[in-house]
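This report refers to the structure that appears directly beneath it.
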Amino acid sequence: MAEMTSSSAASTVVDQLKSKIQQRQAKIGIIGLGYVGLPLALLYSEEKFSVTGFDIDQRKVQTLSQGGSYIYRITPPEIQAARKQGFSATSEYSQLTAMDAIIICVPTPLNEYHEPDLSFITNTTHAIAPHLRAGQLVVLESTTYPGTTEEVMVPILEKENRSGLRAARNGAGSEKEFFVAFSPEREDPGNTSVARRDIPKVVGGLNSDAAELAAALYGSIFNRTVRVSSPAAAEMTKLLENIYRCVNIALVNELKLLCLRMNLDIWEVIEAASTKPFGFHPFYPGPGLGGHCIPVDPFYLSWKAKEWDFRTRFIELAGEINSNMPYHVLASVGSALNQHRKSLNGARVLVLGVAYKKDIDDLRESPALTIIELLQKEGVQVSYNDPYFPFIGKGRKYDLQMKCANLENLGQYDCVLIVTDHSDYDFRHIVEEAQLIVDTRNATKGIHSAKIVRC
Ligand SMILES: NC(=O)c1ccc[n+]([C@@H]2O[C@H](COP(=O)([O-])OP(=O)(O)OC[C@H]3O[C@@H](n4cnc5c(N)ncnc54)[C@H](O)[C@@H]3O)[C@@H](O)[C@H]2O)c1
């Protein structure tokens, strides 16, 4: 029998993995079991794949192993159902060799100088490399600047694997290859209007085989996959989406400040503009940006742009406006108290809602934390209430050590400051009880009271 050429060997490997995926026989490893990785693991599990989750956080591994959950919107029965389907969690990277596809969902924060901190990606990549085997597909999902997959991850994987494997690129294939792709996560926490599988999944492969495999992998849990020409194009797609949000939120935040000065209601204006059936998409002002994505991701691009001697001015301006919003809230509370002949110093203020947006249990980069700290610096006695957080301990930037106050006797506070408009709150009742309300979210829409200051 004629010997198989390298490229036909490679195409056999691709066909085999594709058919394993289609028949739900591919083993899937998901690294990083946080807000992105854990729901993804459950989706694959629901589709009858055998899924192994990897995390360095022992508490998470232990909780999952006992059938528990640490994410509010994921219930323990969902974890238990996945476990019956074969889902397990581990910190043992050696188990990666048995996987057919490895999806990486680790954090990509900024460091103290507001620069990309790729250490989670590089640490994970160093940890994967020794366990890599030929024919595996490795997909990065963490949001990052264009070039990370190809310039940062692939060289580590190629250098540190133990079998002389190379990433498959266009050209002659070989049996000693692994496949690499990038596919951004597009979840919108708290948004229940779109089912996860209805959100199209963008994939960019290092070569066409990798793209085909990644499209097959995601095609088994998402209704539509969108292929772009490279991992960098997929990385840039995610950044464009988030920069678009960041810049538009900054625009409405700035216009809100003008409207307040002109005695116009920005919310009314946005609602009216939204009736235009084309060319307008509403964005809403708020107390500042929060979450892992919008305040962080745009700066991955501005950092990378410098390598190309390019300044991303929209990103910088939007960052400036958005990061100023907590200071605007502070000034608004000060002036509202002043109207009541009170000062910030010594005032008792209840911050209502500390999650970065409504109905979610995520505190990351929440503007509420900055606002609490700014108020405390002015001598305010700050309390908070949030049904999702019985306690606020140490975070990345702050160490507040506060306990959630109950909502009884709201009249004891000089001011109730609405920072997050959770659906659980009965705002009509809150307005009735409180002495003074400062509303950063238009949560009191339709309630008429002289106690309300909209800011
Ligand atoms: N949360 C979102 O809504 C969202 C949406 C879109 C994109 N993203 C992006 O997805 C990525 C992950 O975000 P997330 O919100 O899931 O983060 P997360 O902090 O909730 O979870 C990350 C997990 O990775 C684990 N981890 C860190 N280093 C590890 C390592 N070396 N090996 C194994 N596990 C490791 C952590 O212990 C943690 O459990 C980020 O790049 C983020 O920007 C997040």
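The values are calculated or read from the model by the stated rules, or taken from the named source; none is laboratory data. The model shown is predicted, which means the values in this text are computed figures rather than measured ones. Positions of Cβ are generated from backbone atoms using ideal geometry, with glycine treated the same way; all protein chains shown enter the neighbour counts. Heavy atoms of the whole protein, side chains included, go into the accessibility calculation; ligands, DNA and RNA do not. Shrake-Rupley method; radii C 1.70, N 1.55, O 1.52, S 1.80 Å.
Here is a list of conditions, (1) open to solvent by less than 10 Å² (accessible area, probe 1.4 Å); (2) among the aliphatic types (A, V, I, L, M); (3) part of a loop (DSSP other than H, G, I, E, B), and Leu213 meets all of them except one; can you say which number that is? Failed condition: (3).
Let's see how each residue does on (1) modelled with pLDDT of 95 or more; (2) open to solvent by 60 Å² or more (accessible area, probe 1.4 Å); (3) more than 21 Å from the chain's Cα centre (by Cα); (4) basic (Lys, Arg):
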site	(1), (2), (3), (4)
Phe314	yes, yes, yes, no
Asn322	yes, no, no, no
Val329	yes, no, yes, no
Ser343	yes, yes, yes, no
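Within region 133-154, being open to solvent by 10 Å² or more (accessible area, probe 1.4 Å) and aliphatic (A, V, I, L, M) holds for Ala134, Val152.
Is region 176-187 home to any residue that is assigned to a strand (DSSP E or B), more than 15 Å from the ligand (Cβ to nearest atom) and among the β-branched types (Val, Ile, Thr)? Checked region 176-187: at least one residue is assigned to a strand (DSSP E or B), more than 15 Å from the ligand (Cβ to nearest atom) and among the β-branched types (Val, Ile, Thr).
Of the set (1) open to solvent by 10 Å² or more (accessible area, probe 1.4 Å); (2) over 26 Å from Tyr145 (Cα atoms); (3) not small (Gly, Ala, Ser), all apply to Thr237 but (2).
Residue selection: Ala272 fails the criterion of being touching a strand residue (DSSP E or B) at 6+ places or on another chain (Cβ under 9 Å), small (Gly, Ala, Ser) and at pLDDT 95 or above. Pairing residues of region 107-120 that are farther than 15 Å from Leu301 by Cα and assigned to a loop (DSSP other than H, G, I, E, B) with residues that are within 9 Å of the ligand (Cβ to nearest atom) and not aliphatic (A, V, I, L, M), at Cβ distances under 8 Å and at least 6 apart in sequence or on separate chains, gives Pro107/Gly32; Pro107/Gly34; Pro107/Phe120; Pro107/Ser142; Pro107/His292. Hey, can you tell me all the residues within region 216-234 that are open to solvent by 40 Å² or more (accessible area, probe 1.4 Å) and of a type in the set (S, T, N, Q)? Passing the criteria: Asn223, Thr225, Ser229.
Close Cβ contacts (under 7 Å, 6 or more residues apart or on different chains) running from residues in region 182-197 that are farther than 20 Å from Ala234 by Cβ to residues that are within 7 Å of the ligand (Cβ to nearest atom) and open to solvent by 50 Å² or more (accessible area, probe 1.4 Å) comprise Pro189/Tyr35. Looking across region 158-175, not a single residue is crowded, with 22+ Cβ neighbours inside 10 Å and within 16 Å of the ligand (Cβ to nearest atom).
The set of residues in region 345-354 being over 17 Å from Gly286 (Cα atoms) and either among the small types (Gly, Ala, Ser) or open to solvent by 10 Å² or more (accessible area, probe 1.4 Å) (or both) consists of Asn345, Gly346, Ala347, Arg348. Just one of the numbered conditions (1) within 30 Å of Met153 (Cβ to Cβ); (2) among the hydrophobic types (A, V, I, L, M, F, W, C); (3) assigned to a helix (DSSP H, G or I) is not true of Ile221: (3). Filtered by the rule that a residue be within 13 Å of the ligand (Cβ to nearest atom) and part of a helix (DSSP H, G or I), region 56-78 gives Gln58, Arg59, Lys60, Val61, Gln62, Thr63, Leu64.
In region 259-345, counting only helices (runs of 4 or more DSSP H) that sit wholly within it, the ones holding 3 or more residues that are away from the ligand (no atom under 16 Å from the Cβ) and touching a residue at least 40 places away in the same chain (Cβ under 8 Å) span 313-339. Go through the residues of region 105-114 one by one and say whether even a single one is surrounded by 24 or more Cβ atoms within 10 Å (Cβ to Cβ), closer than 17 Å to Ala210 by Cβ and within 23 Å of the chain's Cα centre (by Cα). Taking every residue of region 105-114 in turn, none turns out to be surrounded by 24 or more Cβ atoms within 10 Å (Cβ to Cβ), closer than 17 Å to Ala210 by Cβ and within 23 Å of the chain's Cα centre (by Cα).
Listed by first and then second residue, the pairs linking a residue in region 79-100 that is closer than 11 Å to Leu33 by Cβ and in a helix (DSSP H, G or I) to a residue that is modelled with pLDDT of 95 or more and not basic (Lys, Arg), with Cβ atoms under 8 Å apart and 6 or more places separating them unless they lie on different chains, are Ile79/Leu42; Ile79/Leu64; Ile79/Gly67; Ile79/Gly68; Ile79/Ser69; Ile79/Phe87. Applying the criterion of at least 2 residues that are touching a residue at least 12 places away in the same chain (Cβ under 8 Å) and open to solvent by 30 Å² or more (accessible area, probe 1.4 Å) to the strands (runs of 3 or more DSSP E) found wholly in region 355-455 leaves 452-454. Checking Ala41, Ala98, Ala26 one by one, the residue that is open to solvent by less than 10 Å² (accessible area, probe 1.4 Å), modelled with pLDDT of 95 or more and over 30 Å from Lys397 (Cβ atoms) is Ala26 and no other.
Have a look at Ala355, Ala368 and point out the one that is away from the ligand (no atom under 16 Å from the Cβ) and of a type in the set (Gly, Ala, Ser).
Values: Ala355 fails: away from the ligand (no atom under 16 Å from the Cβ).
Within the list Ala355, Ala368, the selection yields Ala368.
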